[in-house]
Amino acid sequence: MSDSSSPSNTLSSDVLASFESHRRELCAYAYRMLGSSFEAEDAVQETFTRAWKSYDSFEGRASLRSWLYRIATNVCLDMLDGPQRRARPMDLSGPGTPDSPLPAPQPDYVWIEPIPNALAFGSDPAEHAATKDTLRLAFVAACQHLPATQRAILIMREVLRFSANETAEALTMSPASVNSALQRARATMSKVQPTSTDGYDESDENQRKLVDDFVAAFEAYDMDTLTTLLKTDVALSMPPFELWISGPENVAAFMLGTGSACAGSRMVRLEGANGLPAFGHYKPTEEPGVFTPWSITVLELDGDTIAGLNFFLDTERLFPMFGLPMELREAVA
């Protein structure tokens with residue numbers, strides 16, 4: 001058995017530690033590229049595996065960070081080798097009516113998935129503030145409209161602030177080709193990215209109260225109050241179903257009809273997803289005081305109204321990722 005304190009093992013530990021220090025930003029990058037938190041984690045793991053195997057060839061001509069991004073980009077491009085792009089229900093069809101029957105669920109690879117803040121953000125609040133807007137569901141969905149290489153270039157240049165030369169080196173392209181592709185990517189994004197802002201500022205007292213009021217109204221299933229909190233063109237979506245609903249009155253009608261099983265739900269506040277307020281949503285069972293997973297619920301805000309209600313129903317995969325139990329129990333009086 002080898003001595004764990006030998007110089008080679010110490011070097012190995014140092015190398016792995018240097019990789020780990022970049023895990024969150026690489027995961028956020030891969031998520032923007034792939035639209036899936038699960039695939040992003042897989043991509044980072046594959047990046048570290050490839051980096052470890054080829055570390056002897058890393059001669060320090062570029063920074064370790066740039067080198068890891070080069071590998072991560074190649075991993076993501078390999079994973080994106082196909083026509084499929086992830087989307088949101090709103091990207092696929094027009095809004096349904098409150099009494100529309102639920103269509104058959106689509107496979108998980110069709111949808112943009114949420115990502116826990118803890119997977120994507122470092123401990124630096126300034127970095128968090130600077131990058132969270134580019135983890136918004138709307139931004140990630142818009143990025144899926146770009147060809148894979150353009151997507152990588154846009155994220156590297158506009159989000160990560162890599163220079164044209166650094167980006168060109170990572171992608172084995174010329175700086176001129178990078179700049180040309182960036183212009184095309186910007187043109188596409190200007191057409192597909194929503195103009196409204198859906199940012200969330202945790203320090204904004206009004207936005208915090210809006211979120212608290214939403215939870216209170218939803219848990220009470222008070223649709224009269226809930227509709228007063230919603231933007232006039234609010235969108236409710238429920239991946240893996242393609243159906244989505246638009247407008248406060250339609251949302252209320254849907255909740256009181258098809259969605260009526262959510263009456264009496266409990267919302268467990270999370271640290272956030274995609275830089276937005278998020279909850280583990282449990283709905284009641286026939287057993288008093290026992291609640292079962294229903295969705296990871298992510299709110300999109302526009303100023304002092306709620307612009308998006310996103311219910312991600314793939315609880316078997318998502319609840320463990322967000323560190324949530326598969327059952328919630330409350331004491332019964």
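The values are calculated or read from the model by the stated rules, or taken from the named source; none is laboratory data. Note that this is a predicted model, so its numbers are computed, not measured. Here the Cβ positions follow ideal geometry from the backbone for every residue, glycine too, while neighbour counts run over all protein chains shown. Ligands, DNA and RNA are stripped out before the accessible areas are found, and what is left, the full protein with its side chains, is counted by its heavy atoms. Shrake-Rupley method; radii C 1.70, N 1.55, O 1.52, S 1.80 Å.
Observations on the model:
- Percentage of interatomic Cα-Cα distances in the chain larger than 38 Å: 22
- Model label sites at residue 271 and residue 18, defined 7 Å from Cα along the beta-carbon direction, differ in position by 2.7 nm.
- Kyte-Doolittle mean at least -1.0 and Cα axial length at least 18 Å: DSSP H helices in the chain: 7-20, 37-53, 64-79, 175-192, 205-220
- Dimensions in Å of segment 248-333 - Rg and Dmax from alpha carbons: 13.5, 39
- Here each label is just a point 7 Å from Cα along the line to Cβ, and for residue 260 and residue 333 those points are 2.6 nm apart.
- Protein accessible area in the chain, 1.4 Å probe - carbon and sulfur %: 51
- Think of a 1.4 Å ball rolled over the protein heavy atoms: the chain then has 47 Å² of accessible area per residue.
- Surface accessible to a 1.4 Å probe, residue 55 within the full protein complex, Å²: 70
- For residue 42 and residue 99, the difference between the fully extended length at 0.36 nm per residue and the C-alpha to C-alpha distance is 16.6 nm.
- Measuring r between the beta carbons of residue 81 and residue 225 and using R0 = 51 Å, the FRET efficiency lands at 0.60.
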